[in-house]
Structure formats: C-alpha cells, structure tokens
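Derivation of every value follows stated rules applied to the coordinates shown; laboratory data play no part. Fair warning: this is a prediction, and the values are worked out from it, not measured in the lab. Positions of Cβ are generated from backbone atoms using ideal geometry, with glycine treated the same way; all protein chains shown enter the neighbour counts.
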Amino acid sequence: MHIALDIFSPIHQITDPLFEAKGIEVYIKRDDMIHPLISGNKWRKLKYLLQKAQDEGKTHLITFGGAYSNHLLATAAAAAKFGFRSTGIVRGEEVENDTLFMCRLHGMQLLFTDRDSYRDKPALFEKHFGNNADAFFIDEGGASAEGAQGCSELVDELTDTYTHIFCACGTGTTAAGIINGISKHQLSTRFNAIPVFKNGGFMRDEIDSYLSKPVDYDLHLDYHFGGYAKTTPDLIQFIKTFVAKTGVLIEPVYTAKMLYALYDLAAKDHFKAGDKILAIHTGGIWGLMGMKEKF
Ligand SMILES: *Cc1c(COP(=O)(O)O)cnc(C)c1O
C-alpha cells in the first residue's frame, strides 16, 4: 500500500487588537486538520518511517510514549490505516485513559513498563522483539532523520513568505525539519522554537543534530510554565480566551505554550511593524481530554 495522506493544512489569519496595534500579521498553519488522530506533525514524522518499514518488509510497528502520548495515538491510527500491526510500550504502571482507549481501538497492543527500563528504548525493543523479524523500531515521539525529512515538506506547501515561523518543540524533530525546509528554499524566515520543557536549552543540540546545514534560530526558553505538561492559571486562561476568540482549538502541552510565547513577544515588541508571522498548529488536541480538570 502506498503510504500517503492528502495533506489538508490551510493557513488562517489570527486577528487581535494587539497584532493590529503592533502592525504585524499573524497566521496559523492548520496541521491539526491533516487527520483527526494522525494529527499535525505526527503524520509528517511518521510518513517516511512507515515508508522505510514497508521497504524493509516490516509489518509490526513498535513505538514508545507516555500514557497521554499524541505519538502513540498517531502511530496506532496510522498503523491501522496502512495495514501494520502496532505495539506501544507505555511508560509507567498500567493505567486507562482516553488516549490509550483510542490506541487499543485502533488495534495497538500496549505494554506497560516501569520508568527505569523505559529509559533504554533499544534495550526494551531487543528484549521484547529482538528475534521478531517483522518488528520495526520507532523512537519516542517519532524522533528520527526520517521524521525531520517529513516535517521539512511543510515548507514546500507555503505560497507566501513569512518573516518568522513559530513552533513548539518536544524532541526537536519538527523544528529541525522546518529549518531544513527554510534552508532548502533559501528563505530569510527566522525560525522560533519554543521548548515545552524546563531547562530546554539542550533542545539546541537535539535540533542541530538533524540540520542539513548550520542555521541560526531563536530558542525561547521561558515559556515552559513549570515543565512538560505543567500548566498555570494564566496559561489556562490564555487557552480559554484564544479558543473562544478564534475558533481554533489548542491544547496546554504544546500549542498553547507556543502561541502564548508569540502573543507575549508581540506585546514586548519582539517584532517590527510589517512582520508576518506563521505559527504552526502541530495538532495534538486529544491531549485536552486528559487535562479537563485543569479548566
Ligand atoms: C509531539 C508534538 C510536538 C513536538 O514535536 P517534536 O517534533 O517532538 O518537537 C509539538 N506539538 C504537538 C501538538 C505534538 O503532539
């Protein structure tokens, strides 16, 4: 089977009195609309990995994630769609939630593993699937050169030029891919990465490891809101206001932190009048379901 989805990822303008006052234009690329579950950057990251699995005659995808992982869900749904078996190795003790329910519904087998052994993913793969010739290893979050290659195609789809692109970072694969796309098209667009972890400075090494050539970009380290999947009342209020004003659904782990950074930097005159900024909606809105109590 050919590994392809018809990419539907329109660009919508986000208007706000703040942007008008600063003389800037802000747009959002709706990668969340690519697929309801194989959402956003997760499809872009999986595309060439699934292709590679198929080329190598592998029929069983093995991947890794936390109990709320968008990547696990995307892999389960993509495996079902393209005719692979799938196993998700889940960090921590056995739990049940909406994400894992959806993974199982798509035929994914779940193996829960303690946090210590979870750290060494190649060892886990070896232990459970070492002599299984059908098994194909996909790293946590789809982190890989193939993943970056898929993400670089986002830039091929742009028909306008932007002064800035904003994107949230977990593994940095998506950021690296987009930066490679900017290089390939020789754009002067400035890339802005927002790590969603505390002490996200290490993200620069992760991103740089996938770059086709060295490029300068901005890493905004102050928008983690306490750490991975942590929130503050201020961030939750931002989400409520943003969703109600724009009709664009975002979630607290990635997209809200990235957009909060964009608004905050606009207020702090980070941009010049005339700047045209593209925010990447990397999807993941199923993640909201596990965080309802924060609202
Ligand atoms: C996984 C994910 C990211 C992080 O992408 P990386 O390539 O790992 O940096 C960003 N946004 C959303 C919504 C995600 O689900």
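For region 106-168, what is the per residue volume of the convex hull drawn over the alpha-carbon atoms, in cubic angstrom? Display every interim value, and only then the final one.
Numbers: hull volume 10.2 nm³, N = 63.
So the per-residue Cα hull volume is 162 Å³.
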Taking only Cα atoms, what is the 0 to 90° angle, nearest 10, from helix 41-55's long axis to the longest principal axis of the chain?
30 degrees
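Between residue 211 and residue 55, what's the calculated FRET efficiency when r is the beta-carbon distance and R0 is 22 Å? Round to 0.05. Display every interim value, and only then the final one.
Values: r = 25 Å, r/R0 = 1.13.
Rounded to the nearest 0.05, the efficiency is 0.35.
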Tell me which lysines have Cα within less than 21 Å of residue 268's Cα, excluding those fewer than 8 residues away on the same chain?
22, 257, 276
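On a full-extension model of 0.36 nm per residue, what is the gain between residue 295 and residue 13, subtracting their alpha-carbon distance, rounded to one decimal in nm?
98.9 nm
By its C-alpha gyration tensor, with a ≥ b ≥ c as the square roots of the eigenvalues, how is region 216-265 shaped: rounded for a/c under 1.5, else prolate for a/b larger than b/c, else oblate?
Details: a/c = 2.07, a/b = 1.38, b/c = 1.50.
The shape class here is oblate.
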Peptides 152-158, 4-10: what's the order by average Cβ count within 10 Å, highest mean first?
152-158, 4-10
What angle do you read, to the nearest 10 degrees and between 0 and 90, between the alpha-carbon axis of helix 70-82 and the longest principal axis of the chain?
60 degrees
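With both bridge residues required to lie in the chain, what share of the DSSP beta bridges run antiparallel, to the nearest 5%? Show your work: numbers first, answer last.
On the way: 4 of 35 bridges.
Counting DSSP beta bridges with both partners in the chain, the antiparallel share is about 10 percent.
Can you give me the Kirkwood hydrodynamic radius for the chain, using every pair of distinct Cα atoms, in Å to one decimal?
On the way: mean 1/r = 0.0514 Å⁻¹.
One over the average 1/r among Cα pairs gives 19.5 Å for the chain.
Using the Kirkwood radius over Cα pairs, work out the Stokes-Einstein diffusion coefficient for region 171-248 at 10 °C and 1.306 mPa s, in µm²/s as a whole number. Show your work: numbers first, answer last.
Working: Rh = 14.0 Å.
Rounded to a whole number, D works out at 113 µm²/s.
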Would you mind computing, in nm to one decimal, how far apart the modelled labels at residue 105 and residue 93 are, each placed 7 Å from Cα along Cα→Cβ?
2.7 nm
Which whole-angstrom value gives the distance between the alpha carbon centres of region 27-106 and region 130-174?
13 Å
Excluding residues fewer than 8 places away in the same chain, name every one of the lysines whose C-alpha is closer than 18 Å to that of residue 47.
58, 81
Sorted from largest down, what three extents in whole angstroms do the Cα atoms of region 95-226 have along their principal axes?
47, 36, 27
Reduced Cα scattering model of region 41-142, Debye log10 I(q)/I(0), q = 0.16, 0.18, 0.23, 0.25 Å⁻¹:
-0.60, -0.77, -1.27, -1.47
If one compares the long axis through the Cα atoms of helix 233-246 with the longest principal axis of the Cα atoms of the chain, the angle in degrees, nearest 10, works out at 80 degrees
From a point 7 Å beyond the Cα of residue 199 in the direction of its Cβ, which residues of region 153-182 have a backbone N at a distance under 16 Å?
none
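With +1 on each Lys and Arg Cβ and -1 on each Asp and Glu Cβ, and nothing else charged, work out how big the dipole of the chain is about its Cα centre, in Debye to the nearest 20. Before the final figure, lay out each step's value.
Details: 31 positive and 36 negative charges, 37 e Å.
Using Cβ point charges on Lys, Arg, Asp and Glu, the chain gives about 180 debye.
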Separation of the residue 243 and residue 131 label points, Cα + 7 Å toward Cβ, nm
5.0 nm
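If we sort 131-142, 167-178, 30-41, 219-230 on the protection proxy, mean other Cβ atoms within 10 Å, highest first, what's the order?
167-178, 30-41, 131-142, 219-230
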